[in-house]
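Reading through the structure tokens given below for one structure.
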Amino acid sequence: MWPAPVTLTGEHVILAPLSQDHAAALRTACADGDLYRLWYTAIPSPNGMKDEIDRRLGLQKAGSMLPFCVMTPDGTPVGMTTYMNIDAGNRRVEIGSTWYRTSVQRGPLNTEAKQLLLSHAFDTLDCIAVEFRTHFMNQQSRSAIERLGAKLDGILRSHQIGPGDAIRDTAVYSIIASEWPAVRANLTWKLERPRR
């Protein structure tokens, strides 16, 4: 299996292989800020958490996703992220299906989680590119992706049908291997600079 399940550990976050053992804490996490009510993203509801974990684990078994539980350093689950749309033959992955409880957003947790995932993708898996996709209207997500140093590849117009039959335009971003050293330096600087 490429990529194989792995635990990635930093100072502010732990990314562990997702399992049903995380379901109860993730139900609490998605209720923080009623994230599942956002119309432009697909975050599981507390009642849908078990099914969402099963869905992600099914995609892992099929070889198209590697799901992680995002945890604080003390081991408390606060969200999910994945490598998805895995293309082993072309050494490409997408980092996506990511969400965090409201109380940990806008801090170092997301920056370090992306640094760990990108480092593993480029330095261990030898990826040639890592992709990010988000709803065109999800400005918070688009801004976060751009702050990482990813470049906009384009907009897939009328790309997907979402909740309530809303048509989704998808913004596609990527970081390629030659850009990784500069992106890594920027993420390291962001994590090391004093916070105000």
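The values are calculated or read from the model by the stated rules, or taken from the named source; none is laboratory data. Note that this is a predicted model, so its numbers are computed, not measured. Glycine gets a Cβ as well: all are built from the backbone with ideal geometry, and neighbour counts include every protein chain shown. Surface areas here come from the heavy atoms of the whole protein model, side chains and all, with no ligands, DNA or RNA. Shrake-Rupley method; radii C 1.70, N 1.55, O 1.52, S 1.80 Å.
Computed values, structure above
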read-out	value
Entry for P(r) over Cα pairs in 10 Å bins from 0, in percent (calculated from the structure that is shown) out of [x] 8, 30, 31, 17, 11, 2, 0; [y] 8, 30, 34, 21, 6, 0; [z] 9, 36, 41, 14, 0	[z]
Inter-probe distance in nm under a simple model that places probes 7 Å from Cα toward Cβ, at Ala88 and Lys151	3.0 nm
222 nm mean residue ellipticity, helices alone, for the chain (DSSP H n ≥ 4; -39,500 (n - 2.57); rounded to 500)	-9000 deg cm²/dmol
In Å², nearest 10: area of Glu11 left accessible to a 1.4 Å probe	140 Å²
The stretch 83-196: relative contact order in percent, alpha carbon pairs under 8 Å with at least 6 residues between	25 percent
Accessible surface, 1.4 Å probe, highest first, among residues Arg101, Arg193, Arg106	Arg106, Arg193, Arg101
Relative contact order %, the stretch 1-135, counting alpha carbon pairs below 8 Å whose residues are six or more apart	26 percent
By accessible area with a 1.4 Å probe, ligands and nucleic acids excluded, highest first: order of Asp87, Asp21	Asp21, Asp87
Count, lysine Cα pairs under 24 Å in the chain, 8 or more residues apart or across chains	5
Per residue solvent-accessible surface (Å²) - the chain, probe of 1.4 Å	51 Å²
Size of electric dipole in the chain: Cβ of Lys, Arg +1 and of Asp, Glu -1, about Cα centre, debye, nearest 20	400 debye
Global geometry of the stretch 83-139, whether rounded, prolate or oblate, following the gyration tensor of its Cα atoms and the 1.5 cut on a/c	oblate
For the stretch 1-90: rounded, prolate or oblate by the Cα gyration tensor [a/c cutoff 1.5]	oblate
With every protein chain in place, the stretch 89-195: carbon and sulfur % of accessible area (1.4 Å)	50 percent
Total charge dipole magnitude, the stretch 75-129, about the Cα centre, Cβ charges on Lys, Arg, Asp, Glu only, Debye to nearest 20	220 debye
